[in-house]
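The values are calculated or read from the model by the stated rules, or taken from the named source; none is laboratory data. Treat the numbers as computed from the prediction; the structure is a model and nothing was measured. Glycine also receives a Cβ, built like all others from the backbone with ideal geometry; neighbour counts cover every protein chain displayed. Areas reflect the complete protein model, heavy atoms only, side chains present, ligands, DNA and RNA absent. Shrake-Rupley method; radii C 1.70, N 1.55, O 1.52, S 1.80 Å.
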Amino acid sequence: MQRQEELSELLARAGLTVVEDVRPGSLFPPEAGWRIARGIAAPDGVACEALDAAWWRRLRDVDGEFLVAVLGHRIGGNDSWWTRVRHAGSGVPELTGDPGFVALSLDGQVLLAKVPGADGPRVTALDRLPERLEEAAAAAGRETDVERAEVWAAVPGRHAWPLHWAEGIGANPAATDELLIRLLDVEEGFLYGCDRPAVLDAAVAHPDPRVRSRPADTFRPKLTSDQWVRLVRAEPAPSRRVLWAEQACAWGAELPDDLYDNLLAGPSRARAAEFPGLPAQHLPGLAADADPRVRAAACARWEDLAAPLRERLLADTDNAVRTAALLAHHTGVPMPREVFAALPDPRRALERCRLAPELEAELVGDGDAEVRRALAANPGLGTHGVAVLAQDPQDDIRSAVALRPDLTEEQRAAVRHDFDPTSMSHILPWVEDLHGDADAMRHLAASSHPLVRRSVARARHLPLDVVARLARDDDRVVRLFLAESCEDAPADMLLEVWRWWDGSLSHPGRPRSHPNFPRTGLLRYAADPSGRMRRLAMDDPESTPVDVARLARDPEAEVRRRAAEDPRLSPADAVRLLNDPEAHVRGTAVRNPQLPAHVLAGLLHDRDTASAAVTNPAIPVPVLHRILTVAAAAVAAPR
């Protein structure tokens, strides 16, 4: 609010009355105005020495109104909103004392600007803006090979935004492994999505612990088992070493026996003892360990312990160890009432232990809903207990019973459960365990419960009859999960899902990136009423640069953005889309390799676009190395 108040005061001093703040919408965006004012991707001959009254009259409409953005007043976060103002006088608004401004007529035809420059203020006055920009884009697209080489020979030249380059260069698809390995010493954020083996090898061996940890500390680590092992071995801090080993196991990495030996020999032995993949030869030592936390951890492997070790743990002098042993023992042997009553906290027994029949009968009728809620998902609950809780007055308790793996589908259908189809769904572990069982998948695909069917749809491969059934499911999330996860999903269903789903964080690109997604016959959607379907026309192998050029002028931003990423986009259209009203279209155009070199070099030196521009694959690799050298120096410089 303070910035807004300061801007209002500044405009008032200039003789301007604020009418409203305006999102760019379909307007020419302030970001593009700033670039033109700085001389980047700008029409020739737009700079002048002063803005006289005649230019201001051409800017204003009949009511004296126009749009203005003031440098440093970051409405919308990046000087990215226009402020609609009114000027009642006939002279020149006193905007000379501010740090810089761009102004646009309401019809988008006239642009006036004044911004700081190395040689003093740079003043721009431009009429017939759309026409001039089209001419400038066409001229930029005629760049010759010689001109392009001259531009790249001079880059980086002035290096106004090297920190932005450091942040973005790792996302450039043209960057070599060598460059990315150099980048590890400057900025490691790019490792979040990196899947290059040589770069990950260098990262897990890097002397900086922050760099070593980044590939592991991501949404979906791309490390191999060998890389996980090397990451664990390279970590000097015992607690962190165990942490990375835990992560490695969680992501399916196999740890060698000698690494388990090392982890168990350290001060984090108690945590290491909890690893589910711990080789069985370690269990006798853990069960007899001096540390009660280690002995308690050994109880989690109850079935792998010899009978004498179990007896010893059941009689342990430490209460926590005895409790852990009792809970493990009674997952197979019914727990009598007296043992249950003596537990310091009965909840874990309610959730995981088999109970003596008379005790279970009493507990499923307990007046405490928390007791019944804990029992509802207990895998050891008997048939009678399940039947009672299936009729429980609490919706959430019946809903938990409805998801039990020991129900027949007829029993499941009879449970009056509560399910919100719009809630976030997680795969049921017991269904996931059955993904390789074709008969089980056939059976569960017909379940009355949507979450069961959704969990089936998450299988990577399914019998064709199951796929056909799920592809017709009334629950569209079932169809979505099938499109995201199942390699056997049919083309017609994938196309149907595309009409309303554009990919998620966990499955980016699906359904469009699915191998079965249709690739031919998509040109028929070039004139479809839905912009989502018009986007697909450019995926058709029969589509041409002419189709791309037409769709680059589509009224819907999502279609223009798809055109902006197409390598067949003409250089002139790439330049034109830099001025698109929508930020995501402009951002995509900045990355298009068809951009002329002199335009791209200018974008590299613009505050708003430096980080995105450095990801453009048209930048030659030697230039990327020079840019990285400058960025590294800036990062290393004291601040």
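Tabulated results
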{"item": "P(r) tail fraction, region 437-518 - alpha-carbon pairs more than 16 Å apart, %", "result": "41"}
{"item": "Mean-position separation - Cα centroids, region 373-429 and region 344-368, in angstrom", "result": "17"}
{"item": "Dipole of the chain, positive direction: furthest Cα of Ala468, Phe517, Ala549, with charges on the beta-carbon", "result": "Ala549"}
{"item": "At most 15 other Cβ within 10 Å, DSSP loop - GluC sites (Glu not before Pro), region 435-501", "result": "Glu487"}
{"item": "Principal-axis tilt of helix 145-154 within the chain, Cα atoms, nearest 10 degrees", "result": "70"}
{"item": "DSSP-loop trypsin sites (Lys or Arg not before Pro) across region 356-452, with at most 14 other Cβ within 10 angstrom", "result": "Arg416"}
{"item": "Within the accessible area of the chain (1.4 Å probe), percent carbon and sulfur", "result": "53"}
{"item": "Value at 222 nm in deg cm²/dmol, rounded to 500, when DSSP H runs of n ≥ 4 in the chain each add -39,500 (n - 2.57)", "result": "-12500 deg cm²/dmol"}
{"item": "Longest DSSP-loop-exposure-free segment, chymotrypsin sites (Phe, Trp or Tyr not before Pro), the chain, at most 12 other Cβ within 10 Å", "result": "220-499"}
{"item": "Folded to 0 to 90 degrees: helix 319-329 orientation relative to the chain principal axis, Cα", "result": "80"}
{"item": "Crossing angle, helix 129-140 versus the chain [Cα axis fit, 0-90 degrees, rounded to tens]", "result": "80"}
{"item": "DSSP-loop trypsin sites (Lys or Arg not before Pro) across region 475-541, with at most 14 other Cβ within 10 angstrom", "result": "Arg499, Arg519"}
{"item": "Given charges at Cβ of Lys, Arg, Asp, Glu: the chain dipole, positive-most of Leu191, Pro571, Leu480", "result": "Pro571"}
{"item": "Cα-only radius of gyration and Dmax that characterise region 124-248, units Å", "result": "21.4, 68"}
{"item": "Cα centre as origin, Lys/Arg/Asp/Glu Cβ charges: the chain dipole, Debye", "result": "620"}
{"item": "Normalised contact order of region 272-364, rounded percent, pairs of Cα under 8 Å and 6 or more residues apart", "result": "21"}
{"item": "Span per principal axis, largest first, for the Cα atoms of the chain (Å)", "result": "97, 54, 53"}
{"item": "Calculated Rg and Dmax of region 507-632 using C-alpha coordinates, Å", "result": "15.9, 50"}
